[in-house]
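The values are calculated or read from the model by the stated rules, or taken from the named source; none is laboratory data. Worth saying up front: this structure is predicted, and the values here are computed from it rather than measured. All Cβ positions, glycine included, derive from the backbone under ideal geometry; neighbour counts span all protein chains shown.
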Amino acid sequence: MNVRPDFSKNANMAETAPAFLSVWDMHSYYGESYIVQGISFNVHEGEILALLGRNGAGKTTTLRSIARLDDPQVNKGEIWLDHQPLHNMKSYEAATVGLGLVPEDRCIIPGLTVEENLKLAQIAPPIGWSIERLYELFPRLGERRNQEGVTLSGGEQQMLAIARALARDIKVLLLDEPYEGLAPVIVDEIEKTLRHIKEQGMTTIIVEQNAVRALQLADRAVILDTGSIVFDGSAAEVLENEELRAEYLAI
């Protein structure tokens, strides 16, 4: 059995309890552009972590690197999930052991209904998230189960993208800009859902330009600046630290 190393003594890590997801000394590139420059952090089971920073800080690159996508290229580092090493896996292998990435563009499959999008993603038999349970979580999707997914509103497409990730009975939900372009009332609805699945034990990393909303949702925050970690600690601390927010988040 693979055993995850104890990375908790790294200076960037605010917590010392055993981690569920560990990123250790990760370096990522797009071509010759050096984007993520040796970052390390832990995420604990059932925790919501806000991954924040200005545009170009490396947030999306970090998510895509954790998800083991071919771009960006990860040249160095280790990623462990629930005692399993992910750093040598392809993206489809990482998906099978519990990573679920919801990209900014949502990637709803054209020509398929809401229910077909969910069934295509669902493992058989479902362990935790059946189609009907997902409809209970997102009643709007249940009402539109026979509607083509790409014809939904932006908020409903975001709900479908999250539901589709959950349908695979994932361990960690990776959200890239989930509030982008959505009305505040829809953001409220999605936040309520994220709080609910946290209560069910879901571990989540959220990248979001609306830093205040993300911090109000999250337990902890990691702030990136030009590919390096400049803060790793509680979300409440960031909300209370005006100087930190102004310098690295422009809020």
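General observations
- So Leu81, is it without any contact (Cβ under 8 Å) to a residue 24 or more places away in the chain and surrounded by 18 or more Cβ atoms within 10 Å (Cβ to Cβ): no
- Scanning region 159-177 for residues that are under 21 Å from Ile108 (Cβ atoms), assigned to a strand (DSSP E or B) and not charged (D, E, K, R) returns Leu173, Leu174, Leu175.
- The selection criterion, being in a loop (DSSP other than H, G, I, E, B), under 18 Å from the mean Cα position of the chain (by Cα) and not β-branched (Val, Ile, Thr), holds for Gly201.
- Identity of the residue in region 212-237, buried (at least 17 other Cβ atoms within 10 Å of the Cβ) and free of Cβ contacts under 8 Å to residues at least 40 places away in the same chain, that ends up farthest from Gly56 (Cα to Cα): Arg213
- The single residue among Glu180, Glu191 that is within 24 Å of Thr61 (Cα to Cα), in contact (Cβ under 8 Å) with a residue 12 or more places away in the chain, within 16 Å of the chain's Cα centre (by Cα) and in a loop (DSSP other than H, G, I, E, B) turns out to be Glu180.
- Criterion violated by Val150 - all others in (1) more than 15 Å from the chain's Cα centre (by Cα); (2) in contact (Cβ under 8 Å) with a residue 60 or more places away in the chain satisfied: (2)
- Breaking point among (1) under 25 Å from Ala214 (Cβ atoms); (2) at pLDDT below 95; (3) out of contact with any Leu (no Cβ under 9 Å at 6 or more places or on another chain), for Glu177: (2)
- Residues (closer than 29 Å to Leu152 by Cα, in contact with a strand residue (DSSP E or B) (Cβ under 6 Å, 6 or more places away or on another chain) and buried (at least 20 other Cβ atoms within 10 Å of the Cβ)) located in region 84-114: Leu99, Gly100, Leu101, Val102
- Any pair with Cβ under 6 angstrom, 6 or more apart, that starts in region 85-105 at a residue that is more than 26 Å from Gln209 (Cα to Cα) and ends at one that is at pLDDT below 90 and not aliphatic (A, V, I, L, M): Pro85/Asn2
- Extreme residue, surrounded by the fewest Cβ atoms within 10 Å (Cβ to Cβ), among residues of region 19-50 that are on the phi > 0 side of the Ramachandran plot and in a strand (DSSP E or B): Asp25
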